[in-house]
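Chemist: I am attaching a structure below and will ask some questions about it afterwards.
The values are calculated or read from the model by the stated rules, or taken from the named source; none is laboratory data. Just so you know, these numbers come straight off a predicted model, no measurement behind them. Cβ placement follows ideal geometry from the backbone for every residue including glycine, while neighbour counts extend to all protein chains displayed. Side chains included, ligands, DNA and RNA excluded: accessible areas come from the protein's heavy atoms. Shrake-Rupley method; radii C 1.70, N 1.55, O 1.52, S 1.80 Å.
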Amino acid sequence: MFNSLEDKFSVQSKGLLYPDVYLPGQVGWECPSNIALIKYWGKKQFQQPLNPSVSMTLQRSKTVISVEYFYQRKVKKMSLSYFFEEKQQPTFEDRYRQYLEHVSKYLPFLNHTELVIKSHNTFPHSAGIASSASSFGALALVLCDMERNLFGTLSEDSDLMEKASFLARLGSGSACRSVYGGFSLWGRTEDLMSSTNEAAISLNFIIHPVFSDYCDSILIIDSGKKEVSSSAGHRLMEHHPYAAARVTQAFDNLKKILVSLQYGKEQAFSALVEEEALTLHAMMLTSQPGYILLKPNSLEVIDRIRQFRSTMGMPVSFTLDAGANVHLIYPARLISDVKPFIEGQLAGFCQKGKVIHDRIGTGPVKFL
Ligand code: PMV
């Protein structure tokens with residue numbers, strides 16, 4: 001019936017019947033971060049990916065958002081107060097105000113609402129974990145829940161998740177994948193009928209049980225602010241000399257990882273995950289101008305992980321975000337081998353020995 005989610009949510013939002021009463025309310029969601037296995041790098045149009053990506057949603061690294069809202073039809077403007085870790089944060093507040101103004105096209109009731117948003121992360125700011133995925137995921141979920149409360153729409157959880165994923169993407173591309181637990185895919189691929197560039201879908205219906213308890217131990221090599229932001233990195237893909245080859249490779253790797261995930265091929269999975277991580281950084285190195293986010297200790301840790309894998313013959317791999325930290329990916333059944341390896345051989349290369357042990361999680365939770 002609709003050509004796109006953009007059409008669907010624009011049209012549906014126009015048909016809402018506005019209650020002519022004062023409606024205060026509260027909603028709260030926590031949403032985890034995610035780590036990409038097939039990387040999203042480079043955009044087209046507005047917040048659409050050059051290639052599809054696949055990620056694993058984490059369990060412990062989350063953003064927790066609660067919103068107090070006061071809806072009144074006769075009030076014709078949105079107002080926002082934003083608190084991060086109990087303090088009013090003007091920089092974040094401006095970013096979120098701009099975002100809310102943008103998404104009010106799909107949530108027009110926002111233009112009649114006063115919002116007080118309180119947010120915190122379960123991981124320290126200095127952990128070097130990108131919080132935009134978990135925070136835009138959580139924010140999109142609370143906004144959809146407000147729509148559900150005010151209008152009775154989005155009553156099916158699948159509808160709420162679809163719209164939340166669509167809205168989260170408009171804040172930060174990778175955030176759309178955090179709306180689902182387990183493994184998610186974002187981006188159109190002919191391999192999956194329901195895939196789209198406008199929102200993520202859950203991949204859990206194809207996942208082999210061997211991947212159900214994968215761990216991600218995040219080795220904090222550097223917790224400082226990145227020298228080049230992800231947004232700037234995405235932009236550098238626009239005139240990148242190797243962009244076309246990268247996109248072809250990503251589509252190819254996507255096909256392969258879907259087969260690995262479906263048939264429980266852990267060795268093939270590990271090889272793909274590492275290839276994707278190195279390619280992401282190769283794109284940064286060869287951008288114009290090129291830049292380096294890896295640190296000497298990232299390379300040392302990577303080297304040791306590769307040695308450990310070849311000596312032990314275990315499906316232990318690394319992946320990287322747009323930063324220096326190394327994510328060690330392995331199945332929970334190997335914890336008794338991997339923990340001593342981390343403590344004995346890797347933690348010494350981390351900032352203050354910091355390692356965050358996370359693992360695959362079941363996705364966002366509504367708490368209010
Ligand atoms: O969602 P953004 O715009 O912060 O970009 C995220 C890009 C990577 O983390 C490097 C890869 C990914 O797919 O998450």
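Chemist: For the chain, what is the calculated [θ] at 222 nm in deg cm²/dmol (nearest 500), taking -39500 (n - 2.57) for each run of four or more DSSP H residues and dividing by its residue count? Intermediate results must be reported in sequence, preceding the final value.
Modeler: Working: 9 runs with 131 residues, N = 368.
After summing the helix terms and dividing by residue count, I get -11500 deg cm²/dmol.
Chemist: Would you grab the residues whose amide H sits under 5 Å from the one on residue 80? Only those 5+ places off in sequence or on another chain, please, with H modelled 1.01 Å from N.
Modeler: Here the answer is 115, since their amide H atoms fall under 5 Å of that of residue 80.
Chemist: Okay, moving on. With the full set of protein chains in place, find how many percent of the accessible area of region 207-292 is carbon and sulfur; take the probe as 1.4 Å.
Modeler: Values: 2360 of 3990 Å².
Here carbon and sulfur together make up 59 percent of the probe-accessible area.
Chemist: How far is helix 296-312 tilted off the main Cα axis of the chain, in degrees rounded to 10, range 0 to 90?
Modeler: The two axes meet at around 60 degrees.
Chemist: Turning to a different aspect of this structure: Based on alpha-carbon centroids, what's the gap between region 82-101 and region 26-59 in Å, whole number please?
Modeler: Value for the Cα centre distance between the two parts: 21 Å.
Chemist: Let me ask something else about it. DSSP loop (so not H, G, I, E, B), at most 13 other Cβ within 10 Å: list which trypsin sites (Lys or Arg not before Pro) in region 194-236 pass both filters.
Modeler: On the way: sites: 225, 226, 235; in loops: 225, 226.
Here the sparse-neighbourhood loop sites are 225.
Chemist: Given a 10 angstrom Cα cut-off, can you work out which residue in 228, 247, 142 is the most mobile in a GNM of the chain?
Modeler: Answer for the Gaussian network model of the chain: 228.
Chemist: Can you pull out the GluC sites (Glu not before Pro) in region 237-336 whose DSSP state is coil and whose Cβ has at most 16 other Cβ atoms within 10 Å? Write out the running numbers ahead of the final one.
Modeler: Values: sites: 238, 266, 274, 275, 276, 300; in loops: 238.
Here the GluC sites (Glu not before Pro) that fit, given the DSSP loop and packing criteria, are 238.
Chemist: If you line up the long axis of helix 243-263 against the longest principal axis of the chain, both from Cα atoms, how many degrees apart are they, to the nearest 10?
Modeler: The answer is roughly 80 degrees.
Chemist: A follow-up question, please. Within straight cross-link reach of residue 8, meaning Cα distance under 18 Å, which lysines are found once same-chain residues fewer than 8 apart are removed?
Modeler: Within the straight-line cut-off, residue 8 pairs with 105, 163.
Chemist: Please give the per residue accessible area of region 245-323, computed with a probe of 1.4 Å over protein heavy atoms only, in Å².
Modeler: Numbers: 3440 Å² over 79 residues.
Value for region 245-323: 44 Å² per residue.
Chemist: What are the radius of gyration and Dmax of region 5-206, computed over its Cα atoms and given in Å?
Modeler: Radius of gyration, then largest Cα-Cα span, for region 5-206: 16.4, 48 Å.
Chemist: Counting Lys and Arg as +1 and Asp and Glu as -1, each charge on the Cβ, what is the dipole of region 209-359 about the Cα centre in debye, to the nearest 20? Can you show the working numbers first?
Modeler: On the way: 16 positive and 16 negative charges, 14 e Å.
Using only the charged Cβ atoms, the result is roughly 60 debye.
Chemist: How large is the accessible surface per residue of region 89-143, computed with a 1.4 Å probe and reported in Å² as a whole number?
Modeler: 38 Å²
Chemist: Quick one: Cα centre-to-centre distance for region 112-148 and region 280-302, in angstrom?
Modeler: 30 Å
Chemist: Within region 100-160, list the GluC sites (Glu not before Pro) lying in a DSSP loop whose Cβ has at most 11 other Cβ atoms in a 10 Å radius.
Modeler: Filter output for region 100-160: 156.
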